[in-house]
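The values are calculated or read from the model by the stated rules, or taken from the named source; none is laboratory data. Owing to the predicted nature of the structure, the values given are computational and were not obtained by experimental measurement. Reconstructed Cβ throughout: ideal geometry from the backbone, glycine too, with neighbour counts over all protein chains shown. The accessibility values were calculated without ligands, DNA or RNA, using every heavy atom of the protein model including side chains. Shrake-Rupley method; radii C 1.70, N 1.55, O 1.52, S 1.80 Å.
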Amino acid sequence: MSQLEICLKQIEAIKGQFQADSASSKAQLSIKVVEDLRIKYLGRKGLVTSLMESLKTLSKEEKPAAGKVINELRQGVEAGLESLKVEADASALDASLSQYKLDISLPTQNLQGSLHPVTLMRRVMLTEFRKLGFTVYDGPEIDLDFYNFEALNFKEDHPARDMQDTFFVADRVATILRTHTSNIQIHAMMHEKAPMRVVAPGRTYRCDSDITHTPMFHQIEGFVVDKNISMGDMKGIVDRFLKQIFGQDLSIRLRPSFFPFVEPGAEFDLQCVKCRGAGCRICKATGWLEIGGLGMIHPNVFEKLGMDSEEYTGFAFGFGIDRIAMLRYGLADLRQLFEGDQQFLSQFPIQP
Ligand code: PHE
């Protein structure tokens, strides 16, 4: 066998070996595997490179023919490695994509948000009233004098109608921002039939601003209309509700008071949530906290709406949500609720 024949046989063998190697590399293809193959064949001491060395042993006449075949082999190996590399790159990308899962629908941490304490308190209250069989009602914040005062038995000269307390809507003497949620009593009674058990939370407005008053505040109104409703029912509902919010050990008390739309009327107090009645700074050493007003619905209110006040009786109560939120969450200043301070607000949970 001539030197040339030996050389050509070697070339054939290396070609076959490369085909076998590249076929078996596909099972565990990676950029590293392709690089190892490149070194094995085209590296400084690689199989194809050393063939070039062996050209030296050939005669001048034999060299060109052998050189041509070796070059073809080199080009074949280069092309083969290139297509393996493309495959390896693609599968590496697939692997990293499937490992790095990015869910763009997830909220980022600093956009978490939280419920405003008044919203939180309102939701907790409504949940409790629903358990007691109440329906939630909504009504207008901008309303007619009729619903806010007249139908609620406010006499023409009642001081609450004064410019002092009431915001009037420009040029319209009869259109005002409601001063309490009691307007809902009238709206609901005009649209629904007794028996009724209604609660209505919402914004209310009074021209008043100091440490304990803001011109806008929140109230919740509740009322029941049916046959044979007594003051005992009224006290029972209010007592049960406040115990649910503040704890079973706290009592309530009623103090006679005047509201034109109830008779008898009262203000109701809760034993101090801080000192449990012993007397402290929050309750000004009285042991009691003023919560709101209540009473039996005045016969004049029923009659004004065309209902028989002999047949129906009912009670109503109303109190401030902001104040209850302050007591429940231990807030120092009412105004914190309306300043929009991020640090303050973010302390509250995202749901009740
Ligand atoms: N609406 C009254 C107020 O805002 C409170 C109240 C409601 C009193 C229902 C009695 C009955 O002062």
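Given the criteria assigned by TED's automatic domain parsing to the domain that holds LYS243, small (Gly, Ala, Ser) and within 32 Å of the chain's Cα centre (by Cα), does GLY292 qualify? Spell out how you get there, then give the answer.
Working: assigned by TED's automatic domain parsing to the domain that holds LYS243: yes; small (Gly, Ala, Ser): yes; within 32 Å of the chain's Cα centre (by Cα): yes.
For GLY292, the condition - assigned by TED's automatic domain parsing to the domain that holds LYS243, small (Gly, Ala, Ser) and within 32 Å of the chain's Cα centre (by Cα) - is met.
Considering ASP165, ASP103, which residue is assigned to a loop (DSSP other than H, G, I, E, B) and touching an Asp or Glu at 6+ places or on another chain (Cβ under 9 Å)? Before the answer, list the steps.
On the way: ASP103 fails: touching an Asp or Glu at 6+ places or on another chain (Cβ under 9 Å).
The match here is ASP165.
Results for (1) in the same structural domain as PHE129 (by TED's automatic domain parsing); (2) among the β-branched types (Val, Ile, Thr), shown as yes or no for each residue.
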residue	(1), (2)
GLU311	yes, no
GLY314	yes, no
PHE317	yes, no
ILE321	yes, yes
ARG328	yes, no
LEU331	yes, no
ARG335	yes, no
GLY340	yes, no
ILE350	no, yes
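Considering only the stretch 258-289, how many residues are surrounded by 15 or more Cβ atoms within 10 Å (Cβ to Cβ) and within 11 Å of the ligand (Cβ to nearest atom)?
Matching residues across the stretch 258-289 total 9.
Considering only the stretch 31-47, state which residues are in a loop (DSSP other than H, G, I, E, B) and loosely packed, with under 15 Cβ neighbours inside 10 Å.
ARG44, LYS45
Taking interchain pairs and intrachain pairs at least six residues apart, which have beta carbon atoms under 7 angstrom, with the first residue in the stretch 284-310 and among the acidic types (Asp, Glu) and the second outside any helix (DSSP H, G or I) and within 14 Å of the ligand (Cβ to nearest atom)?
GLU290/GLU267; GLU290/ASP269
Exactly one of (1) within 25 Å of TYR137 (Cβ to Cβ); (2) among the charged types (D, E, K, R); (3) open to solvent by 40 Å² or more (accessible area, probe 1.4 Å) is unmet by ASP210. Its number?
(1)
Which residue, of MET189, MET196, MET121, is touching a helix residue (DSSP H, G or I) at 6+ places or on another chain (Cβ under 9 Å), aliphatic (A, V, I, L, M), at pLDDT 95 or above and away from the ligand (no atom under 16 Å from the Cβ)?
Values: MET189 fails: away from the ligand (no atom under 16 Å from the Cβ); MET196 fails: away from the ligand (no atom under 16 Å from the Cβ).
Selected residue: MET121, the only one of MET189, MET196, MET121 that is touching a helix residue (DSSP H, G or I) at 6+ places or on another chain (Cβ under 9 Å), aliphatic (A, V, I, L, M), at pLDDT 95 or above and away from the ligand (no atom under 16 Å from the Cβ).
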